[in-house]
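J.: I have a structure here, written as structure tokens, and I will follow up with some questions on it.
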Amino acid sequence: VKAFSAGGVWVLVCVIAPLEGLPYTTAKIFFCIIQLFFISALGVLFNIRDMEKDRLTNTYSVPVLFGVQKTKFFNYVILLLYLSLAPYVELSFKFFVICLITFIISCLFTQKASLQNHPFYYTFGVDGIIIIQSLLGILLI
């Protein structure tokens with residue numbers, strides 16, 4: 001729930017608010033949905049980082065409830081939904097390439113996620129994926 005709450009707020013502030021005033025199209029709705037999946041998947045990685053703290057504070061995050069390995073599988077499903085809905089945004093093949101690249105990078109970070117990772121892994125690595133997505137958008141679209 002934590003990851004999807006953060007993802008929802010992110011979409012409201014960084015996607016819906018800037019697009020306000022534009023007509024609500026199917027493409028815009030799908031863009032919001034895939035961004036929700038993308039940011040939520042990154043949030044799940046932070047849940048893995050915070051697992052011990054969540055356990056101590058009785059916060060029921062996905063890793064606390066199901067363990068790290070099942071959480072990683074859950075994250076792959078979220079990322080697959082992100083990628084599979086990308087063609088419905090109808091922007092271009094370039095947009096799909098951006099989603100594919102960030103999908104691959106996010107899957108690699110999911111594979112390596114653990115409780116023992118240095119805080120920079122999350123602060124610069126996982127958060128950096130958002131910057132990579134933005135830079136690819138500037139360069140390719």
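J.: Being under 17 Å from Leu115 (Cβ atoms), open to solvent by less than 90 Å² (accessible area, probe 1.4 Å) and of a type outside the set (Lys, Arg) is the filter here, so list the residues in region 57-87 that pass it.
T.: Thr57, Thr59, Ser61, Val62, Pro63, Val64, Gly67, Val68, Thr71, Phe74, Asn75
J.: Output the residues belonging to region 26-52 that are open to solvent by 60 Å² or more (accessible area, probe 1.4 Å) and of a type in the set (Ser, Thr, Tyr).
T.: Thr26
J.: Scan region 103-121 residue by residue and report those that are in contact (Cβ under 8 Å) with a residue 60 or more places away in the chain, in contact with a Leu (Cβ under 7 Å, 6 or more places away or on another chain) and open to solvent by less than 40 Å² (accessible area, probe 1.4 Å).
T.: Passing the criteria: Ser106, Thr110, Ala113.
J.: If you don't mind, there's one more thing I want to ask. Identify the single condition in (1) within 19 Å of Lys2 (Cα to Cα); (2) open to solvent by less than 60 Å² (accessible area, probe 1.4 Å); (3) of a type in the set (A, V, I, L, M, F, W, C) that Ile98 does not satisfy, given that it satisfies every other one.
T.: Of the numbered conditions (1) within 19 Å of Lys2 (Cα to Cα); (2) open to solvent by less than 60 Å² (accessible area, probe 1.4 Å); (3) of a type in the set (A, V, I, L, M, F, W, C), the odd one out for Ile98 is (1).
J.: Among the helices (runs of 4 or more DSSP H) contained in region 33-126, which hold 1 or more residues that are over 15 Å from the mean Cα position of the chain (by Cα) and under 22 Å from Val9 (Cβ atoms)? Please lay out each step first, then the result.
T.: Details: elements: 51-56, 62-66, 68-85, 93-112.
Once the helices (runs of 4 or more DSSP H) in region 33-126 are filtered for at least 1 residues that are over 15 Å from the mean Cα position of the chain (by Cα) and under 22 Å from Val9 (Cβ atoms), what remains is 51-56, 62-66.
The values are calculated or read from the model by the stated rules, or taken from the named source; none is laboratory data. Everything numeric here is computed off the predicted structure, so don't read it as measured data. So basically every Cβ, Gly included, is an ideal-geometry build from the backbone, and we count neighbours across all protein chains shown. The protein model used for the area step is the full one, side chains on, heavy atoms only, and it has no ligands, DNA or RNA in it. Shrake-Rupley method; radii C 1.70, N 1.55, O 1.52, S 1.80 Å.
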